[in-house]
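Peer 1: Take a look at the following structure, please.
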Amino acid sequence: MRRPLRVITATFALLLVTACNSASSGGSTPSSVRGVTADTIKVGGIVSMTSASGYSKKDTDLGARARYDRANAEGGINGRKIEYLGAEDDGQDPARNLAAARKLVQQDKVFAVSPMSSVTFAGADFLEAQKVPTVGWGTLPSFCGPAHLYGFNGCLVPTPGGTLNQTWPEGLAAVLGGSRGKSVALIAGDNDAGKFGIRTFTQGFKAAGFQVAYAKAVVPATSMPSDWSAYTKEILRSGPGGGAPDAVVSVMQTPYNIGLFTALKRSGYKGVISDPTDYDPGLLAKDATKQALDGVHVLLQFQPFESDSPAMRQFKADIKKAAGGEDVPLNMHMMTGYMSADLFLSIARKAGKDLTVESFQQAAAGFSDTGTLVGDRAEPKGQKESFGCGALVRLKNGRYEVAVPFKCYPPIPFG
């Protein structure tokens with residue numbers, strides 16, 4: 001009996017679609033979950049690879065790649081390999097940050113964005129609306145509250161009702177032999193990150209017993225000053241009796257810190273200088289940079305590279321392998337990418353074989369582990385507060401040394 005032509009045509013079309021699906025997915029079973037196939041999970045990143053000041057977080061991408069490479073070498077996550085697309089460069093530009101987020105989701109169809117590391121996060125609302133699990137450096141308010149956004153070491157800039165990490169104030173108190181009777185000057189760039197940094201650190205240093213003599217987000221964020229004298233004069237007259245404060249804390253990036261610290265030293269400042277960004281042996285290649293940063297205490301929110309824990313040895317081995325077997329200078333951006341990837345992988349593994357946004361979120365809601373390079377982790381705690389751990393290292397005679405060992409401090413309420 002001859003079958004009708006329309007039946008034959010429909011059958012042929014079905015076979016053709018099936019063949020095309022098999023070919024396009026490498027034999028994988030098609031999935032309705034964006035970025036997930038039977039054997040892969042697609043992930044991308046957003047990083048400030050370039051900036052107007054010359055500051056770069058490009059090694060964040062290397063750190064993430066190193067962690068994803070090891071996960072794949074160990075068999076992947078519940079049988080799926082990570083297809084890491086690399087990081088989009090936002091150039092520290094809000095418009096480019098949003099464009100990068102849109103590209104990764106709408107064009108590249110990623111399941112997750114990890115890492116995300118920038119001073120701007122204009123793409124946050126879009127990623128949250130699209131329910132894209134996103135992990136990065138929680139230095140912006142966007143990482144504090146939204147359901148799908150996670151800081152690799154928690155929420156560092158909380159909203160009222162959250163808590164503050166006291167690693168920096170308590171660490172500097174240890175350096176100064178106590179905070180009682182000690183004054184501190186805080187300075188930041190005139191941008192969202194700088195303003196939030198001034199607000200939070202002002203409260204944190206006061207809670208630790210310091211007198212906050214100066215706290216301003218006034219340095220132009222888009223054009224680095226060629227003359228720092230206006231800032232240094234004001235800072236050096238802000239302490240008790242119009243004198244210099246005991247410590248100057250900069251919440252800025254490396255090129256700005258080099259200019260500010262050089263000017264402070266030329267003015268004869270002898271107090272403690274500290275910042276959260278300049279832990280990078282690569283900076284020591286230039287004598288002028290080495291001199292500017294000599295003696296500076298740098299805040300770390302992870303174990304120092306000088307530690308010899310099993311987790312640190314694994315990190316170093318992974319970075320070396322991802323760098324083609326070379327002993328590349330380690331820096332904090334590598335750690336940012338590595339631990340962003342590590343948190344994503346840990347939650348995805350807990351989500352099980354049936355990976356969806358919903359199963360990822362459910363796994364995150366009860367996630368915790370201990371003894372990582374950033375201390376003990378827990379979600380959703382990390383969406384409201386920092387994990388509370390850190391250390392201070394000091395650059396001395398061209399080498400970093402641990403000034404205050406890695407330790408976890410009780411957080412304080414933020415209001």
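Peer 1: Estimate the FRET efficiency between SER226 and LEU284 by the formula 1/(1 + (r/R0)^6), using the beta-carbon distance for r and 22 Å for R0, to the nearest 0.05. Mind showing how you got there, number by number?
Peer 2: Details: r = 24 Å, r/R0 = 1.08.
After rounding, the FRET efficiency stands at 0.40.
Peer 1: Enter the angle in degrees (range 0 to 90, nearest 10) between the Cα long axis of helix 192-207 and the first principal axis of the Cα atoms of the chain, meaning the one along which they spread out most.
Peer 2: 50
Peer 1: Nearest 10 degrees, 0 to 90: what angle lies between the long axis of helix 332-351 and the longest principal axis of the chain (Cα atoms)?
Peer 2: 40
Peer 1: Mind checking which lysines have their C-alpha under 16 Å from LYS265, skipping anything on the same chain fewer than 8 residues away?
Peer 2: LYS233, LYS290, LYS396
Peer 1: If the elastic network links every pair of Cα atoms under 10 Å, which of LYS286, LYS131, LYS353 fluctuates the most in the Gaussian network model of the chain?
Peer 2: Comparing LYS286, LYS131, LYS353 in the GNM, the peak value goes to LYS286.
Peer 1: With Cβ to Cβ distances under 15 Å as the rule, what net charge do the other residues near GLN130 carry (K, R +1; D, E -1)? Each step should come with its number before you reach the end.
Peer 2: On the way: positive: ARG34, LYS42, ARG102, LYS103, LYS109, LYS131; negative: ASP108, ASP125, GLU128, GLU358.
With Lys, Arg at +1 and Asp, Glu at -1, the net is +2.
Peer 1: While we're looking at this one, here's another question. Between MET116, MET335, MET224, which gets the highest mean-square fluctuation from a Gaussian network model of the chain, Cα cutoff 10 Å?
Peer 2: In this elastic network of the chain, the residue with the biggest mean-square fluctuation among MET116, MET335, MET224 is MET224.
Peer 1: Still on this model: Which value, in Å to one decimal place, does the Kirkwood hydrodynamic radius take for segment 230-343 when every pair of different Cα atoms is included?
Peer 2: Values: mean 1/r = 0.0627 Å⁻¹.
Kirkwood radius, segment 230-343: 15.9 Å.
Peer 1: By how many degrees, between 0 and 90 and to the nearest 10, does the Cα long axis of helix 59-73 differ from the longest principal axis of the chain?
Peer 2: 40
Peer 1: Separate question: Greater than 23 Å separation of Cα atoms is the criterion. Which listed pairs, LYS206/LYS407; LYS42/LYS195; LYS109/LYS321; LYS321/LYS384, meet it? Display every interim value, and only then the final one.
Peer 2: Values: LYS206/LYS407 20 Å; LYS42/LYS195 35 Å; LYS109/LYS321 28 Å; LYS321/LYS384 35 Å.
Those over the limit are LYS42/LYS195; LYS109/LYS321; LYS321/LYS384.
Peer 1: Please list, ordered by chain and number, the residues whose modelled amide H lies under 5 Å from the amide H of ASP246; skip anything fewer than 5 residues away on the same chain.
Peer 2: Amide H to amide H, under 5 Å and 5 or more residues apart or across chains, ASP246 pairs with SER183, VAL184.
Peer 1: From the protein chains alone at 1.4 Å, what is the descending order of accessible area for LEU62, LEU260, largest first?
Peer 2: Working: LEU62 35, LEU260 0 Å².
If we order LEU62, LEU260 from most to least accessible, we get LEU62, LEU260.
Peer 1: May I pose another question? What number, in percent, do you get for the relative contact order of the chain if the mean sequence gap of Cα pairs under 8 Å and at least 6 apart is divided by its residue count? If you can, show how the numbers build up before the last one.
Peer 2: Values: 852 pairs, mean separation 81.1, N = 415.
Relative contact order for the chain comes out at 20 percent.
Peer 1: Roughly speaking, what is the stretch gain from SER307 to LYS58, that is 0.36 nm per residue apart minus the C-alpha to C-alpha distance, in nm to one decimal?
Peer 2: On the way: separation 249, 0.36 × 249 = 89.64 nm, distance 2.39 nm.
Fully extending the segment from SER307 to LYS58 adds 87.3 nm.
Peer 1: Right, another one. Can you tell me the length gained on complete extension of the stretch SER368 to LYS321, counting 0.36 nm per residue apart and subtracting the Cα distance? Before the final figure, lay out the partial values.
Peer 2: On the way: separation 47, 0.36 × 47 = 16.92 nm, distance 2.82 nm.
Fully extending the segment from SER368 to LYS321 adds 14.1 nm.
Peer 1: Efficiency by 1/(1 + (r/R0)^6): what FRET value for ARG349 and LYS396, r their Cβ-Cβ distance, R0 = 45 Å, to the nearest 0.05? Kindly include the intermediate steps, with their values, before the conclusion.
Peer 2: Numbers: r = 41 Å, r/R0 = 0.90.
According to the calculation, E is roughly 0.65.
Peer 1: At 222 nm, what helix-only mean residue ellipticity would the chain give, in deg cm²/dmol to the nearest 500, using -39500 (n - 2.57) for each DSSP H run of four or more? Numbers along the way, then the final one.
Peer 2: On the way: 12 runs with 145 residues, N = 415.
For the chain, the value works out to -11000 deg cm²/dmol.
Peer 1: With a probe of 1.4 Å, find how much accessible area segment 121-234 has per residue, and write the answer as a whole number in Å².
Peer 2: Numbers: 4230 Å² over 114 residues.
Per-residue value: 37 Å².
Peer 1: Normalised by the residues of segment 288-415, what does the relative contact order come to in percent, with Cα pairs under 8 Å and at least six apart?
Peer 2: Values: 138 pairs, mean separation 43.0, N = 128.
Result for segment 288-415 is 34 percent.
Peer 1: Cβ neighbours within 10 Å, averaged per peptide: list 72-78, 273-279, 378-384 in order, most packed at the top.
Peer 2: Answer by packing, highest mean first, reads 273-279, 378-384, 72-78.
Peer 1: State log₁₀ I(q)/I(0) for segment 43-130 at q = 0.14, 0.24, 0.25 Å⁻¹ as given by the Debye formula over alpha-carbon point scatterers of equal weight, solvent excluded.
Peer 2: Result of the Debye calculation: -0.48, -1.13, -1.18.
Peer 1: Extension gain ALA129-ALA73, at 0.36 nm per residue separation less the Cα-Cα distance, in nm?
Peer 2: Values: separation 56, 0.36 × 56 = 20.16 nm, distance 3.31 nm.
Using 0.36 nm per residue and subtracting the Cα-Cα distance, I get 16.8 nm.
Peer 1: Whole-Å semi-axes of segment 145-283's equivalent ellipsoid, largest first, each the root of 5 times a Cα gyration tensor eigenvalue? Please list the in-between numbers first.
Peer 2: Values: eigenvalues 116, 75, 39 Å².
Whole-Å semi-axes of the equivalent ellipsoid: 24, 19, 14.
Peer 1: Something else about it: For GLY366, what charge total do you get from the other residues with a beta carbon under 13 Å from its beta carbon, if Lys and Arg give +1 and Asp and Glu give -1? Please list the in-between numbers first.
Peer 2: Details: positive: LYS350, ARG377, LYS381; negative: ASP369, GLU379.
In short, +1.
Peer 1: Next up: Excluding ligands and nucleic acids, what accessible area in Å² is computed for THR232 using a 1.4 Å probe, to the nearest 10?
Peer 2: Approximately 10 Å² of THR232 is accessible to the 1.4 Å probe.
The values are calculated or read from the model by the stated rules, or taken from the named source; none is laboratory data. All of these numbers come straight from a predicted model, not from anything done at the bench. When we count neighbours, we look across all protein chains shown, and the Cβ atoms used for this are built from the backbone with ideal geometry, even at glycine. Protein only, heavy atoms only, side chains kept; ligands, DNA and RNA dropped before computing areas. Shrake-Rupley method; radii C 1.70, N 1.55, O 1.52, S 1.80 Å.
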